[in-house]
1. State the percentage of accessible surface on the chain attributable to carbon and sulfur atoms; use a 1.4 Å probe and exclude ligands, DNA and RNA.
2. Would you calculate the convex hull of the Cα atoms in the chain and tell me its volume per residue in Å³?
3. Per DSSP H run of n ≥ 4, the term is -39500 (n - 2.57); total these for the chain, divide by its residue number, and report the mean residue ellipticity at 222 nm rounded to 500 deg cm²/dmol.
4. Ranked from the most accessible area to the least, with a 1.4 Å probe and all protein chains present, what is the order of V4, V52?
5. Take every DSSP beta bridge whose two residues both sit in region 5-158, then give the antiparallel share in percent to the nearest 5.
6. Taking only the C-alpha atoms, wrap a convex hull around region 59-130 and report its volume per residue in Å³ as a whole number.
7. Just to be sure I understand the model, the point goes 7 Å from the Cα along the line to the Cβ. What's the resulting D129 to M49 distance in nm?
8. With point charges of +1 on the Cβ of Lys and Arg and -1 on the Cβ of Asp and Glu, referenced to the Cα centre of region 1-85, which listed residue (A51, C78, V14) lies farthest in the positive direction of the dipole?
Amino acid sequence: MPAVLEGGCLCGKVRFSASQPPLRTFACHCTFCQRMTGTSFYAESLFPMDAVRFNDGELRQYEHRSDGSHKKVFVHFCPSCGTTMGLTFERWPDVRAISRGCYDDPNAVELTSHIWTRSAQSGVALPADVDCFAMARATLDGRPEVALRHEAPVLARQESGR
Ligand SMILES: [Zn+2]
Ligand SMILES: [Zn+2]
């Protein structure tokens with residue numbers, strides 16, 4: 001199957017290819033993602049687990065237990081340069097997240113939603129006309145949450161209903 005999306009880490013030892021477009025690409029403003037990336041939010045694409053192939057470059061993983069679901073989240077990173085390549089989830093074993101910043105062309109995917117906006121950092125703007133979720137897209141027992149869409153860009157901490 002031909003690769004449609006390719007990428008890699010900062011040092012180039014870890015490379016990946018995806019055989020299909022992502023299921024979706026979104027920004028996560030949860031406090032775990034802020035800490036994990038050391039920055040304001042984490043932009044990630046979700047893929048079916050078997051749609052992404054890595055080269056032989058060794059990936060290491062760090063295991064974190066989610067404050068919310070108490071399930072494990074695995075952070076996959078390059079041991080040479082420390083780049084976070086993506087995540088896998090005990091709670092959703094059929095999908096994996098790939099870091100948007102690792103694509104050779106990060107603009108080949110479109111950011112269509114923002115989640116956990118209630119913990120977004122001050123100064124972070126949420127764009128108009130994308131789905132914004134105060135928390136996750138679904139409750140812990142799986143019920144979908146309703147997205148909020150802004151008519152104009154808004155600063156996260158001034159968003160109503162946070
Ligand atoms: Zn690397
Ligand atoms: Zn997150």
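The values are calculated or read from the model by the stated rules, or taken from the named source; none is laboratory data. The structure presented is a predicted model; accordingly, all values stated were derived computationally and were not measured. Cβ coordinates were reconstructed from backbone atoms using ideal geometry, including for glycine residues, and neighbour counts include every protein chain displayed. What goes into the accessible areas is simple: the full protein's heavy atoms, side chains included, and nothing from ligands, DNA or RNA. Shrake-Rupley method; radii C 1.70, N 1.55, O 1.52, S 1.80 Å.
1. On the way: 4470 of 9170 Å².
Answer for the chain: carbon and sulfur cover 49 percent of the accessible area.
2. Numbers: hull volume 18.9 nm³, N = 162.
Residue-normalised Cα hull volume stands at 117 Å³.
3. Values: 1 runs with 7 residues, N = 162.
So the calculated ellipticity at 222 nm is -1000 deg cm²/dmol.
4. Values: V4 80, V52 15 Å².
The ranking, largest first, comes out as V4, V52.
5. Values: 36 of 41 bridges.
Antiparallel bridges: around 90 percent, rounded to the nearest 5.
6. Values: hull volume 10.4 nm³, N = 72.
Cα-based convex hull of region 59-130, divided per residue, equals 144 Å³.
7. Those two pseudo-labels are separated by 3.8 nm.
8. Checking the options against the dipole of region 1-85, the answer is C78.
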